[in-house]
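Quick note: the coordinates plus some simple rules give every number you see, no bench work behind them. Predicted model only: the values in this text are computed from it and were never measured. Counting neighbours? That spans all protein chains shown, and the Cβs are built from the backbone with ideal geometry, glycine included.
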Number of protein chains: 2
Amino acid sequence: MVTIREIAQKAGVSIGTVDRALHNRGRVSKATQERISRIIAECRYKPNVFASHLSLAKQYTFAVLTPEPEQDGRYWELPMRGIRKAADELKPYPIRIWPVHYDKYSEASFFRAGEKILKSRSEVDGLVIAPVLSAASETFVRRIPPALPYVFIDSYVPDTSCLSRIAQNPYRSGALGARLMDLLVGGMGTVAVCRMVPRDYHIDDRVNGFTEALRFRKDVEIVSFEADRKTDEAVFYHLAERILAERPSCNGIFVPNSLGHQVAQLLKERVQPGRIHLIGYDLVEPNLPFLKEGWIRFLISQRPDVQGYQGIQLLVQHLLLKNPVPAEMNLPIDIVTAENLDEHVETGPQERSDRPADARAARPSGRRAVRK
Amino acid sequence: MVTIREIAQKAGVSIGTVDRALHNRGRVSKATQERISRIIAECRYKPNVFASHLSLAKQYTFAVLTPEPEQDGRYWELPMRGIRKAADELKPYPIRIWPVHYDKYSEASFFRAGEKILKSRSEVDGLVIAPVLSAASETFVRRIPPALPYVFIDSYVPDTSCLSRIAQNPYRSGALGARLMDLLVGGMGTVAVCRMVPRDYHIDDRVNGFTEALRFRKDVEIVSFEADRKTDEAVFYHLAERILAERPSCNGIFVPNSLGHQVAQLLKERVQPGRIHLIGYDLVEPNLPFLKEGWIRFLISQRPDVQGYQGIQLLVQHLLLKNPVPAEMNLPIDIVTAENLDEHVETGPQERSDRPADARAARPSGRRAVRK
DNA sequence: CGATTTTGCGTTAACGTTAACGTCAGGCGG
DNA sequence: CCGCCTGACGTTAACGTTAACGCAAAATCG
């Protein structure tokens, strides 16, 4: 490992000068500056991040801007879990997480949250943003100082200078849903798609992917149903009632958001098992029992916990470890069924075991042993 | 942050004594030892890993014991990719990866590889093991010095004092395959299961999961076909020929290892599309075109890259960051189809982008933009 | 031209941990 | 009783980086 001291020696200056040159702190003549830069490049000098942080003793604060955790059926708890997991793993690092939540149905609340972060600019070193309110997000992102790195999760605002974006392609996830639905209904029947106003671009793309992928299937009829979330809490429960009433021939329902459980509830009450095939999104808690019992056949998951986890990891890679980071991460589109549900909820990145070694060995697995 | 100096002050000793007490280096009276331990616990002292490693300047070497990367249709390249990815991300850490491969069909070669590692005991600080040869692995693992932490990937030897094990439940993955097959064949027909001698417990468990999950389906007949890998390279291609000849009514084939492409090849040559539904395992390269074209309907993936990646990460968490690690990680059972294939192969953990910021922005995505 | 600022550098004390080394008292054998 | 050993500590110099401080010489100003 080549150190700052060797660089100094080769350049015929002191380490202080090299340090100033490295961090553009000025007080270095142009000639020496260039000489040092050349030598640094030649020797492939990489600063020792351990020594650096030991000396700096800087606290890094990462703000996390997401909707209230309770919204979308407690969906927004999941990214926060991943974020906590990352913070846990990175315990030895001087990192602080600052969660700032907003009401995903109120632009005003979003701007208030954003303002709070920008006002504390000097104390914030990185940002994880879920730009659910797309128009407002765009405005906000433009106001982020260029030196402040930010990472999008869930979706993203295009053409920004974000450090990275971590999301799932919603169009393709819809197309995958279509493929599964096609399989479930055996290539024929009437499939209902549930929509909600106010519209959400991200969700719309899922629907587009779904309908376009099924268009080539001549024997599958697609009908769209729409509800207004403002009317009541159980929007999709009531929407499902309408579907049953207006389309008795319906044998498949596609729910492009996390509210599949509302539809499943109605199916469980009114329809015989296996007659209407339901595909939903997201491993939120209310969905799980219905998936296990078969009222929901497939859930498409976008690994929100991984998104949060990676968001923090990328910031650390960039700021603390000075590593290059991928400009985008397209998370896999996960298909979850009753059969592989356990692995998705139990051993997401949130799970940690703090038990001592002997307790581990003694622990009954409850699961099938691999051998013997 | 509480430092060693504060501990020393509170205990009324010097930092040297505290350090000796911390690392059991002796030369500390019993009374002082206990006093220091008590204070450390009270203050919740955590050593600063930055300072620690700066002072130690220790190189950590992690040996990786897996089959030759080319075996199983280059399957074993995949964990290595994840391992390299981890090493990349952890570049600033003083870490060295030492890959040691063995022929998965030769116990002798496995023991030779193991011996090589044990002989360099003093230079090895951690171990990642894929215990494919289960009997030999058991013998080997018992010989690992207790102080040397090791992590299993792919499968594991039960009742060992491994640091952790990272694997997928093979039985459950087979059950999931059964569910998908049931869907594909519409609940009726003849399904062939391909097996290979010599037997592999891990693979057997997949088959068990598959057959047991389908047993309750009275209209689905399961037939087992077996081939000897020693006979030729294209074992499963020829096995598929036998299946077609002996069971013309067959409408589904389950391949519990990574050789699905051999069967797919024959289907492509002899059978009309959509007549025989094929489910295989693992995203090895030869499988990919067949999945895209539909000759393979589903591939079950166990994320070998993530397994390798996590293996290294866990060792680092344990040894370098002194964090507790989970005793086991049950990786999700991934269902891969033509629709979500891209996300699985493109943006596995191996992908990194080293391009500068401006190149990123200009880069054409080729994929559908999320918004406008 | 003297006074003051600026430029360009060198020096040094941290940051927290580690381990080699020094020291001093008590114990033990001869 | 002397020499030697060892147990139980304290001291200190690293590890590599950072930034405050110091100090000349050069540049600028009145």
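Structure notes:
- Once you divide the Cα radius of gyration of the stretch A:4-47 by 2.2 N^0.38 Å, the number left is 0.97.
- Placing +1 on the Cβ of every Lys and Arg and -1 on the Cβ of every Asp and Glu, with nothing else charged, gives the stretch B:137-211 a dipole about its Cα centre of roughly 60 debye.
- Beyond 18 Å in Cα-Cα separation lie the following of the pairs B:K58/B:K322; B:K46/B:K322; B:K91/B:K119; A:K58/A:K119: B:K91/B:K119; A:K58/A:K119.
- Note on the stretch B:200-276: Kirkwood hydrodynamic radius from all Cα pairs is 13.5 Å, rounded to one decimal.
- Here the relative contact order of chain B, from alpha carbon pairs under 8 Å that lie six or more residues apart, stands at 16 percent.
- Each other copy places its own label point for A:I15 at 1.6 nm from this one, sorted shortest first, where the point lies 7 Å along the Cα-to-beta carbon line.
- Here is the list for the stretch B:32-136: GluC sites (Glu not before Pro) lying in DSSP coil, each with at most 15 other C-beta atoms within 10 angstrom of its C-beta, are B:E70.
- Cα long-axis angle, helix B:201-214 against chain B (0 to 90 degrees, to the nearest 10): 50 degrees
- Folded to 0 to 90 degrees: helix B:260-270 orientation relative to chain B principal axis, Cα: 20 degrees
- DSSP-assigned coil residues among GluC sites (Glu not before Pro) in the stretch A:205-266, each with at most 15 further Cβ atoms within 10 Å: A:E233
- Exposure proxy for A:M181, A:M1: other Cβ atoms within 10 Å of each Cβ, ordered fewest to most, give A:M1, A:M181.
- Degrees separating the helix B:77-89 axis from the principal Cα axis of chain B, which is the longest one: 30 degrees
- Ranked from shortest, the separations from the 7 Å Cα-to-Cβ label point of A:E241 to its equivalents in the other copies are 6.4 nm.
- With the convex hull of its Cα atoms as the shape, the protein assembly as shown has an orientation-averaged projected area of 36.5 nm².
- Charge dipole (the stretch A:86-242, unit charges on Cβ, about Cα centre) - positive-most of A:Y102, A:L163, A:H238: A:L163
- Dipole size of the stretch A:4-47 about its Cα centre, with +1 on Lys/Arg Cβ and -1 on Asp/Glu Cβ: approximately 80 debye, rounded to the nearest 20.
- On a per residue basis, the convex hull of the C-alpha atoms belonging to chain B measures out at 194 Å³.
- Exposure proxy order (Cβ contacts within 10 Å, fewest to most) of A:K322, B:K85, B:K119, A:K30: A:K30, B:K119, A:K322, B:K85
- Label-to-label distances for B:T3 across copies, nearest first, come out at 1.9 nm, using points 7 Å from Cα in the beta-carbon direction.
- Annotation: aspartates and glutamates with alpha-carbon distance below 14 angstrom to A:K268 (same-chain offsets under eight excluded): A:E241, A:E293.
- Per the Kirkwood formula applied to alpha carbons, the stretch A:1-136 shows a radius of gyration over Rh ratio, Rg over Rh, of 1.17.
- Of the residues A:V345, B:V223, the one with the fewest other Cβ atoms within 10 Å heads the list, and the complete ranking is B:V223, A:V345.
- Candidate aspartates and glutamates for bridging to A:K116, where Cα separation is under 16 Å - those fewer than 8 sequence places away on the same chain excluded: A:E68, A:D103, A:E107, A:D125
- Solution diffusion estimate, µm²/s, Stokes-Einstein, the stretch A:170-301, Kirkwood Rh from C-alpha pairs, 20 °C, viscosity 1.002 mPa s: 150 µm²/s
- In the stretch A:227-266, the trypsin sites (Lys or Arg not before Pro) that fall in loop regions by DSSP, at most 12 other Cβ within 10 Å: A:K230
- Each Lys and Arg contributes +1 and each Asp and Glu -1, all at the Cβ; summed about the Cα centre of the protein assembly as shown, the dipole is approximately 2720 debye.
- Per residue, the convex hull spanned by the Cα atoms of the stretch B:78-224 amounts to 126 cubic angstrom.
- Note: relative contact order over the stretch A:162-293, using C-alpha pairs below 8 Å and six or more positions apart, is 27 percent.
- Global form of the stretch B:180-244, assessed from the alpha-carbon gyration tensor, a/c cut-off 1.5: oblate
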